[in-house]
Amino acid sequence: MLTYDRDTILAVLLSVTMMVVFIALPAHAKSKKGTYDEGTLVVDWFEEGGDFEFRETDEIDYLWVSDAFSRKDLEGRTLHFPDWPEVEFVGDDADERDNDDKSLARRMNRLMPQYFHDAFDLAWDGKVTCSFDEGDVEVTGRIVDCSTGNSAAKWIVGFGAGAGYVAIDLKVVDKESGELLMALHHRVVSGTNMSSTESKFSKWVGKFSDELEVGLPMMYEDGERRKK
């Protein structure tokens, strides 16, 4: 008959317990290091190996701003707003998006450079040149998640059921030095039938423009450390 000492039994029990805990962890908690917001925020996309600290703010979910990013710092320079890359969903639920979600993402993707060109141009009142063709500072981004939502669920259930949304990354980079000047990740949610994902995003860009005018460095300074 096999016998085991007390230390062996405890070691086996600990191993089993750790295995059960790992299996029970939610998917987002098991995401690889450097991912947040259910895997849709991938820090390395902004800067490979970047160790900067995103913070959470009222108007922007995850924000980082360098000491060299403000209208005063960029006066006399030209911001370039190139086309965004083809949409490729990332995150824990990327495989769950259907053709309607993908069509909406592609449609919004074409408009993104215009949205942010207009936001910077309005907020900084011509003090910084904005161009679709050239510039020494690049402003670009990508759509990482998108959903049309469910209108019936919005009406019948409410309380956020059937919400549509779009999640984006945006970064501002000095082309010559490669220095990252600003980074953000934000999810805009349309929770009622009084708005669509597109209209809700357009409204948010207006608020983003207001924050640019006031100053994102101040918003970042007041932000909270990120949560997973």
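Throughout, read-outs are computed from the coordinates displayed, never taken from laboratory work. Model, not experiment: these values are computed from the prediction. In this analysis, Cβ positions are derived from the backbone assuming ideal geometry, glycine residues included, and neighbour counts consider all displayed protein chains.
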Checklist entry - Of the peptides 102-115, 66-79, how do they stack up when ordered by the mean number of other Cβ atoms within 10 Å, highest first? => result 102-115, 66-79
Next on the checklist: For the ranges 88-99, 116-127, 177-188, what's the packing order if you count other beta-carbon atoms within 10 Å of each residue, average per peptide, and put the highest first?
Outcome noted: 177-188, 116-127, 88-99
